[in-house]
Structures are given as C-alpha cells and as structure tokens.
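Undergrad: To start, I am sharing the structure in question, which I have written as structure tokens.
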Ligand SMILES: C[S@@+](CC[C@H](N)C(=O)[O-])C[C@H]1O[C@@H](n2cnc3c(N)ncnc32)[C@H](O)[C@@H]1O
C-alpha cells in the first residue's frame, strides 16, 4: 500500500512505468530509501518526498537507469557525420547547428555527437549542444568528463584521439568537453527549456528514455520535444521508440541502424493516429502464443521487451534476463541465452523469436532479424512488435510493398485504417 502511493507519485512526477524496471526492484528501492530517511510509515514518506526536494531527488537518483556509453548504436553518429559530409546538414559559426541530447545521463551521448561532428570537420564554433538529464549525479560525472572503461564498450579506437588516459580513467579534452552545456531538468516539466532553449533545435536525441515511461508520459514527452524541434528537424530515438514519433506524423528515415525520424514541415500534419479498441481477429493457430496487442500500447517497453505476451512465469524470467542483458548492450550473452531458450521449451514462443530479432537487429544483422520476426508472426499473427519491426526492416531494405503490408497488418491490430 505504502509503495503503491509512492509508485503513483513517481508515475506522475517522472512518468515512470513501474513494470519497466520491475515492481520488485522498485519496492526494494523505495524500502531502502525509506530506511535511509528513518521512516517506516508509507504516508509519512510520501509526505517527505512531496515536500522535501533533497529526499525526492535521492529517491529519483536510486530509481533512474543511467546506463549509457559512447557511440551507443553507432548508426546515428555515422548518419550525422555523413549528412554533414554530403551537405544535407550545414553548420557555420554564423548559423551553428543546434542539437539537444535529452536525457544525456553522464554525457557520453552528447560528447559522442560532438566528437562525430568534429571528426567530420565541423568547426567547434558551428556547434551548439545542450544536454539535459534529471539526475544530478549523472550530470556531475558528465561535467567532470572523466570516464572509465565501461563507457567505451564496443567502439572502434578512433575515439582515443579525444582523450588523455589518467590511470584507469580517460579524460575528454577540454576543447571537446566545452562544446556541451549541461542542464538539470525533468523532461515532463513545461519549464524545462525556459532558461536555455532560446530557439528550437535542428536535431534532438531522445534515446532510451521512453522505454521506461507510461503511455501517458510518452505522450507528454512527445509534446515537449515537438515544441523544441524545428519543422523539418531530425529526431533520433531508440529503435522501438521511433514508432511514437511516427504515430504523430514524423517520417521514419530508412537508414540502417539509424533510428531517426523527421518532423514534418507543416504543423497540421502532426495529428495523432486515433487509437481504438483492437478489432477481433480470426482465431490463431492452436499452437500459437497469440494475444491481442494492448490498445494504445507502443511497441517495446523496455527496448527489448516485446508485448506479444506478458506472463510472469518462469519462462518469462529467462526472457527478462535476456532483455536486461540486451539493454545493457551485452548482445552476445543475450543472444546465447535466448538461443538456448529457443532450442528448448521456448521454440514456439513468438515473444522469444521477436526478442531474438531485436537482438540481431541491434547487432546489425538484418537478415537474421528478418527470419526471427517472420517466425514470430508465423507463430503469433498478432505479434504487434514483430509486425512493426518487419515493416521498418523492409522499409530500410527498400521493399516498399512488404513494408506496407506489415504496417497495415500492425495497424489493423489496433483497429486503425492503414
Ligand atoms: C538509459 S539513460 C539514456 C542515456 C542516453 N540517452 C543513452 O541512450 O545512452 C536514461 C536517462 O534518463 C534520465 N531520465 C529519466 N527520467 C527522466 C526525466 N523525466 N527527465 C529527464 N531525464 C530523465 C535518467 O536520469 C537517465 O540518465
């Protein structure tokens, strides 16, 4: 009971979907913060976090997931550099490129943007990068710009030219670090940009946040970002998160591993696609693990959490571990575990095949991803996530007809017209 009211508070304040980090972990964290505050009564603790900013911040620090690393997913940074090289993006000291990274966590993402563009010969004076996060702890690390080994997982060696090694840490050169201005803020609060975003941005990175948020909060984040992005601007998000923006009329950029979309030039194009109850569908094959997709539910929460089926049983625990590994970027480990599961009791589990597809996709193996997603929809024709992934995958491959087919199938699940 005590935890439920605090969970509700967190949902309203920072948009947290308790299921995204696990209700057990959430309860455990709340209990530990209560103990630290010397409070045993839930109502008294709720009162404390409502009225005491320090206690509230401490709870938020314990709840948020600051996982990040340099050049995460690599595609967006390559895309930015290529766009500049091809002349699709222009940046001059007179008209600097305005970029926002939110949430930026401990700074690896905005610093990667800076390094990618400097390496593409953008002049430092032609760049203006703002970076926002709710976590004061993460921002302290970001401002110090000194990083341990885990911030550098899986990236090629070129980054080293921007750092100086100091013992077990790598210090980012001040001429790169000073290109990013950090701000503490809650993306759900309307006042977030009042102090620093004088003009809308041409580019926004909002990756690996929506996966932790409720449907309602995702909508609020969309409104906030939409106000902060200029018409025609680019938005980079996670590979499943990109669908939120597509729902509101943004067009997906079909570039391998990039997960970006573009805001329409005309504001009137930004109409949400109406969501209705799922239409009834023909009965699924007997062996299918098919379930109706939840109305209004976006694909994926967290990134690797497919929503075809969501039963908390033992098998689900294996998949939860796989998702966590994948979310941490431990793709090989995730693949091995998922493969083991699929060879055993999970061979007919559409959710597991879809998850395997997402792992392959994150590992830049589109052909393997395609096979896994196709298996998922064979086993479960209502596997919304797999249908959407297939539609995006075929769009990237240039197979427009197939992309349309799967998009229509996904939309029909929600009773939408294609
Ligand atoms: C997983 S990290 C993502 C960092 C980076 N974008 C990336 O993809 O590597 C999620 C970050 O979201 C921040 N966060 C969570 N809720 C937030 C909110 N309501 N407003 C701003 N930042 C938030 C957390 O503090 C955490 O640093």
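The values are calculated or read from the model by the stated rules, or taken from the named source; none is laboratory data. Please read all numbers here as calculations on a predicted model, not as lab measurements. We place every Cβ from the backbone using ideal geometry, glycine too, and count neighbours over all the protein chains shown.
Undergrad: Could you please let me know if residue 57 is within 14 Å of the ligand (Cβ to nearest atom) and not assigned by TED's automatic domain parsing to the domain that holds residue 210?
TA: Judged against the criteria, residue 57 is a match.
Undergrad: I'd like to verify a number: residues in region 96-129 that are under 20 Å from residue 61 (Cβ atoms) and part of a loop (DSSP other than H, G, I, E, B), how many?
TA: Looking only at that region, the number is 6.
Undergrad: Does region 46-54 include one or more residues that are within 16 Å of the ligand (Cβ to nearest atom) and in a helix (DSSP H, G or I)?
TA: yes
Undergrad: Another one. Hey, does region 42-61 have a residue that's under 24 Å from the mean Cα position of the chain (by Cα) and on the phi > 0 side of the Ramachandran plot?
TA: No; the residues of region 42-61 include none that is under 24 Å from the mean Cα position of the chain (by Cα) and on the phi > 0 side of the Ramachandran plot.
Undergrad: Within the bounds of region 182-193, is there any residue that is surrounded by 11 or more Cβ atoms within 10 Å (Cβ to Cβ), under 21 Å from residue 69 (Cα atoms), at pLDDT 95 or above and away from the ligand (no atom under 13 Å from the Cβ)?
TA: No, the conditions are met nowhere in region 182-193.
Undergrad: Which one of these is closer than 20 Å to residue 201 by Cβ and away from the ligand (no atom under 16 Å from the Cβ): 96, 110?
TA: 96
Undergrad: How about region 67-95: which of its residues are in contact with a strand residue (DSSP E or B) (Cβ under 7 Å, 6 or more places away or on another chain) and either farther than 20 Å from residue 253 by Cα or assigned to a loop (DSSP other than H, G, I, E, B) (or both)?
TA: 89, 91, listed by residue number.
Undergrad: Inside region 56-82, can you point out the residues that are surrounded by fewer than 20 Cβ atoms within 10 Å (Cβ to Cβ) and farther than 30 Å from residue 12 by Cα?
TA: Those that are surrounded by fewer than 20 Cβ atoms within 10 Å (Cβ to Cβ) and farther than 30 Å from residue 12 by Cα: 74, 75, 78, 82.
Undergrad: So, one more: Here are the criteria: (1) modelled with pLDDT under 95; (2) within 9 Å of the ligand (Cβ to nearest atom); (3) more than 23 Å from residue 80 (Cβ to Cβ). Tell me which single one residue 208 does not satisfy.
TA: Checking residue 208 against (1) modelled with pLDDT under 95; (2) within 9 Å of the ligand (Cβ to nearest atom); (3) more than 23 Å from residue 80 (Cβ to Cβ), the one that fails is (3).
Undergrad: Could you check region 362-378 and list, in sequence order, the residues that are in a helix (DSSP H, G or I) and at pLDDT below 85?
TA: Once the filter is applied, which keeps residues that are in a helix (DSSP H, G or I) and at pLDDT below 85, region 362-378 yields 362, 378.
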